[in-house]
């Protein structure tokens, strides 16, 4: 007998018919002899409807009250799902954040889970029933309702799976797994069979929208195997697991791109200590996240250099006045902005043991005539900033070049 | 400084504009130096929308889950109202059933309040804020969400007013008070200035829909003065108070009618001990409420009599087969049903000290040629069953006959 947590997103519970489909799937799993905990998101569109309503009351609503409102979406869908399971002859009961003591900090709209009291869930399972938990919501120490941020139901599910010692956490969504790249860009994209938590984290933060980043972190921390799959088919999806569990034998696992950033360049600033600290210190003070940073040592006779970095396009309004005043202070010759850029990345655990992966990436891009404007790397990732118009071309070239469409062998096979 | 509880019904919070109107009113009260607790119903139509959704999942939804769903209506409106108060410059915070430990029994969809922990509300008031409470909802001993039944927000409001020792509980609604009778039937109906809890209870149970019966019972038990008034005007409404607080000096306070009952007559049954007990025992076993009961002593030579009673029309489906089998068992000659009846009642504390009020009622009806089919009385009420077609005529005749349109003097004036 296994203990399985199943998480269904908003599309999977988006209609009465689909809720019945969720109930059927949960009951089918239970009928195989497994214990089942279901975590649901709000019905698709419901959270937006509620937030719009609040926005009509006031343009800048208080986040505590927003969470009170937003949490009702999952409250309704959890009870509807329990009703559907009952209607199909099963035993089910809904559980809300405050009922399973899903304790969080009090960062409204973006709270972090601190602990869960799984007693009620265990009792429900031991009584032969299915527990249906409202995702996305918790309570702080004072009993105020909190929410975990968009995509927070994934995190709820993984945290509950960890708390009750589930054998795995199935994440049902409207796609059938994690792909080597965006199939809309590259028709030869292949569904990945198994991927490590680390790789998934890089993919999640680089723009793949299948799993919320924090849910992968929690799964990695507690070693909860994730299974990302479609609620509309019975085919296996993608397993997200630890490194030691028979991963695929590939160097590059996936290719992603991200058009949400803009490039900022301070032209010709003094290459002396403290300059860079001043620039990024001011950005940090304003809570502006900087992604890529490039600064070469000064090459010209005057000891001056260019400093390039990327920020979210949505932060540009705040960044521009800061840079105007900074460039005067630092004696920069100019500040240039470019929103027509894309970050293209390759991700793979195999890079750790394979030299020359980055070089191969540059080679592939060069062969297509794509200029690389900036580079950043981590242990298992290489990102290149390119002109936005080349993003899709770069993705397809890298996907082909690293042969991601070829079904890989398991490691050790 | 007074402590005032204000309850707003679904129509009063039925739109963004109306919620802002509620916020304005609460802030206006606070700016007079009073402390204010606001209790809100769900936005008009919301509870029905939610119950319909559940009904689409399954025709016979579990009541525990129904309460989880239904409670979200008030959760949303309480947070929206808090946001509106904040938007107008006030300080406000929403409170849900589980956050004020509104403890109830576990009779889902019709729970009774057992206790309230008012600490959080008091703190909010002492901090200079307005507390906005989601009406209609509570939690049982295990933390399951319960609801108090339709109109339950009135009861929430009165129970909270009692728990925090409020000076009064204002019930805002879409009518401007309690009238001597239905103004749609009798244009000369007059708004009552002050009425006793006992009279209001009789009016509430006799079909006046302004206040939920249980809320009046709780108000009477704890001596909470109620003020029923319109959320769309500043005019005073109707005060519902104890008997010793300067009530109006009238014999009859109001006239009501009720067309929801049907008359059942068992014709010619043995007038011997146990027969009546058998009839009403069976009805009680099936949880069928009987209202009026009429049985005269046997007057004919055979010692046989007719037994008449009224039940809700909606119970007739269950009553008919029971009576068919009972009438055989008891040797009744026939069972007759009449759905075309109405119960017309006069209510007034003054009846206690004024003889002849019932006789005057019969006289007024007789003068209009209206036959009385059955009579029942209590200390402060007389009800007559008449043909349904005469209901409105009877109401108008009684309203005129007892001069309810005349502005009364206060007692002791």
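Among the residues of region B:333-355, is any over 30 Å from residue B:396 (Cα atoms), free of Cβ contacts under 8 Å to residues at least 40 places away in the same chain and either out of contact with any helix residue (DSSP H, G or I) (no Cβ under 8 Å at 6 or more places or on another chain) or surrounded by fewer than 15 Cβ atoms within 10 Å (Cβ to Cβ) (or both)? No: region B:333-355 contains no residue that is over 30 Å from residue B:396 (Cα atoms), free of Cβ contacts under 8 Å to residues at least 40 places away in the same chain and either out of contact with any helix residue (DSSP H, G or I) (no Cβ under 8 Å at 6 or more places or on another chain) or surrounded by fewer than 15 Cβ atoms within 10 Å (Cβ to Cβ) (or both).
Annotation note: of B:186, B:169, the sole residue that is touching a helix residue (DSSP H, G or I) at 6+ places or on another chain (Cβ under 6 Å), part of a strand (DSSP E or B) and crowded, with 20+ Cβ neighbours inside 10 Å is B:169.
Which of the following residues is modelled with pLDDT under 95 and in a helix (DSSP H, G or I): B:48, B:106? Write out each step before concluding.
Working: B:106 fails: in a helix (DSSP H, G or I).
None of the others qualify; the one that does is B:48.
Applying the criterion of being within 27 Å of the chain's Cα centre (by Cα) and within 12 Å of chain B (Cβ to nearest Cβ) to the residues of region A:109-132, the residue that is modelled with the highest pLDDT is A:132. Evaluating residue B:37 against the criteria (1) within 12 Å of chain A (Cβ to nearest Cβ); (2) not in a helix (DSSP H, G or I) leaves one unmet condition, (1).
Residues in region A:233-248 that are in a loop (DSSP other than H, G, I, E, B) and touching a helix residue (DSSP H, G or I) at 6+ places or on another chain (Cβ under 8 Å): 3 in all.
Just a yes or no: is a residue in region B:303-323 within 30 Å of residue B:7 (Cβ to Cβ), modelled with pLDDT of 85 or more, touching a strand residue (DSSP E or B) at 6+ places or on another chain (Cβ under 8 Å) and surrounded by fewer than 19 Cβ atoms within 10 Å (Cβ to Cβ)? The answer is yes; a qualifying residue exists.
Consider region A:386-413 and keep the residues that are touching a strand residue (DSSP E or B) at 6+ places or on another chain (Cβ under 8 Å) and exposed (fewer than 14 other Cβ atoms within 10 Å of the Cβ). The one that is modelled with the lowest pLDDT is A:410. For region B:54-67, how many residues are in contact (Cβ under 8 Å) with a residue 24 or more places away in the chain and either crowded, with 24+ Cβ neighbours inside 10 Å or more than 8 Å from chain A (Cβ to nearest Cβ) (or both)? Total satisfying the criteria: 2. Looking only at region A:356-377, decide whether some residue is surrounded by fewer than 19 Cβ atoms within 10 Å (Cβ to Cβ), touching a helix residue (DSSP H, G or I) at 6+ places or on another chain (Cβ under 8 Å), free of Cβ contacts under 8 Å to residues at least 24 places away in the same chain and closer than 22 Å to residue A:279 by Cα. Yes, there is a match, as at least one residue in region A:356-377 is surrounded by fewer than 19 Cβ atoms within 10 Å (Cβ to Cβ), touching a helix residue (DSSP H, G or I) at 6+ places or on another chain (Cβ under 8 Å), free of Cβ contacts under 8 Å to residues at least 24 places away in the same chain and closer than 22 Å to residue A:279 by Cα. Considering (1) surrounded by 20 or more Cβ atoms within 10 Å (Cβ to Cβ); (2) in contact with a helix residue (DSSP H, G or I) (Cβ under 8 Å, 6 or more places away or on another chain), the lone condition that residue B:109 does not fulfil carries the number (1). Each residue in region A:113-149 was checked for being free of Cβ contacts under 8 Å to residues at least 24 places away in the same chain and outside any strand (DSSP E or B), and 4 pass. Taking the criterion of being buried (at least 24 other Cβ atoms within 10 Å of the Cβ) and not in a helix (DSSP H, G or I), the only residue of region B:68-92 that qualifies is B:92.
In region B:249-274, of all residues being surrounded by 20 or more Cβ atoms within 10 Å (Cβ to Cβ) and at pLDDT below 90, the one that is nearest to the chain's Cα centre (by Cα) corresponds to B:250. Has region B:91-103 got any residue that is within 14 Å of another protein chain (Cβ to nearest Cβ) and modelled with pLDDT under 95? No.
With respect to the conditions (1) at pLDDT 90 or above; (2) in contact with a helix residue (DSSP H, G or I) (Cβ under 8 Å, 6 or more places away or on another chain); (3) not in a helix (DSSP H, G or I), residue B:383 lacks only one, and its number is (2). Report yes if residue B:218 is crowded, with 18+ Cβ neighbours inside 10 Å and farther than 23 Å from residue B:261 by Cα, otherwise no. Taking the combined requirement at face value, the residue satisfies it.
Among the residues that make up region B:13-26, is at least one of them more than 14 Å from chain A (Cβ to nearest Cβ), within 11 Å of residue B:77 (Cα to Cα) and crowded, with 20+ Cβ neighbours inside 10 Å? Looking through region B:13-26, none of the residues is more than 14 Å from chain A (Cβ to nearest Cβ), within 11 Å of residue B:77 (Cα to Cα) and crowded, with 20+ Cβ neighbours inside 10 Å.
For region B:169-184, the tally of residues that are under 27 Å from residue B:398 (Cα atoms) and more than 15 Å from the chain's Cα centre (by Cα) stands at 5.
The values are calculated or read from the model by the stated rules, or taken from the named source; none is laboratory data. The shown structure was predicted, so the numbers you read here are calculated from the model rather than taken from an experiment. Note: ideal-geometry Cβ built from the backbone for every residue, glycine included; neighbour counts use all protein chains shown.
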